[in-house]
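Working notes for the structure below.
The values are calculated or read from the model by the stated rules, or taken from the named source; none is laboratory data. Values in this document were obtained by computation on a predicted structure and should not be read as measured data. Ideal geometry is used to build each Cβ from the backbone, glycine not excepted, and the neighbour counts take in all protein chains shown. Calculation scope for accessible area: heavy atoms of the full protein, side chains included, ligands and nucleic acids excluded. Shrake-Rupley method; radii C 1.70, N 1.55, O 1.52, S 1.80 Å.
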Amino acid sequence: YSRLNDALEPYARAVTSCWSSCSCVRLYCTVPTCPPRNADLQDLKDLQSRCFGFMHALVKLLRTSGVYASYHLTFAPTSQVVVRALEAQQNPDAEKRQWQEDEAVAIERAKAHDPHTATVLVLHDTPVLVAN
């Protein structure tokens, strides 16, 4: 997807299809703290701002689809936004190592695309979005 907001509906569809039996999901979002290559701090601030706007729009879209959604933000020393959706009852720390490996795989797969795009993936039945 050429922009983060272009991935909004496809990612919401991935969440609702992966978690169709679940009426409550928690979104985990990694917010970048390092600017992408050939970018400055203003570009980083813009990406962070789009990330926050995306999360609010995603929660609103999922709620209108009948899925209660909440989110948790984590700042990380990366230049990518990474979002994953889990059932609200799942404990993300229980599978922390697996998620770290999956996040690395998702980022590598996203690098195969244009560096200014958003990529929607499903890893281990978990919808993942990576945006640069």
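In region 116-132, the residue that is farthest from the chain's Cα centre (by Cα) out of those that are under 18 Å from R50 (Cα atoms), of a type outside the set (A, V, I, L, M) and at pLDDT 75 or above is T117.
Scoring H113 on the criteria (1) surrounded by 13 or more Cβ atoms within 10 Å (Cβ to Cβ); (2) assigned to a helix (DSSP H, G or I); (3) modelled with pLDDT under 85 leaves a single failure, condition (2).
Among the residues examined, V15 qualifies as closer than 17 Å to D125 by Cα, within 12 Å of the chain's Cα centre (by Cα) and modelled with pLDDT under 95. Can we say R63 is surrounded by fewer than 19 Cβ atoms within 10 Å (Cβ to Cβ), within 16 Å of P32 (Cα to Cα) and modelled with pLDDT of 75 or more? It is false that R63 is surrounded by fewer than 19 Cβ atoms within 10 Å (Cβ to Cβ), within 16 Å of P32 (Cα to Cα) and modelled with pLDDT of 75 or more. With respect to being assigned to a helix (DSSP H, G or I) and more than 19 Å from V130 (Cα to Cα), K60 fits the description. None of C22, C29 is within 17 Å of A110 (Cβ to Cβ), open to solvent by less than 20 Å² (accessible area, probe 1.4 Å) and touching a residue at least 40 places away in the same chain (Cβ under 8 Å) except C29. Is it true that some residue in region 44-56 is aromatic (F, W, Y) and open to solvent by less than 30 Å² (accessible area, probe 1.4 Å)? Yes, because at least one residue in region 44-56 is aromatic (F, W, Y) and open to solvent by less than 30 Å² (accessible area, probe 1.4 Å). Among the residues of region 54-78, those identified as farther than 25 Å from Q100 by Cβ and without any contact (Cβ under 8 Å) to a residue 40 or more places away in the chain are H56, K60, R63, T64.
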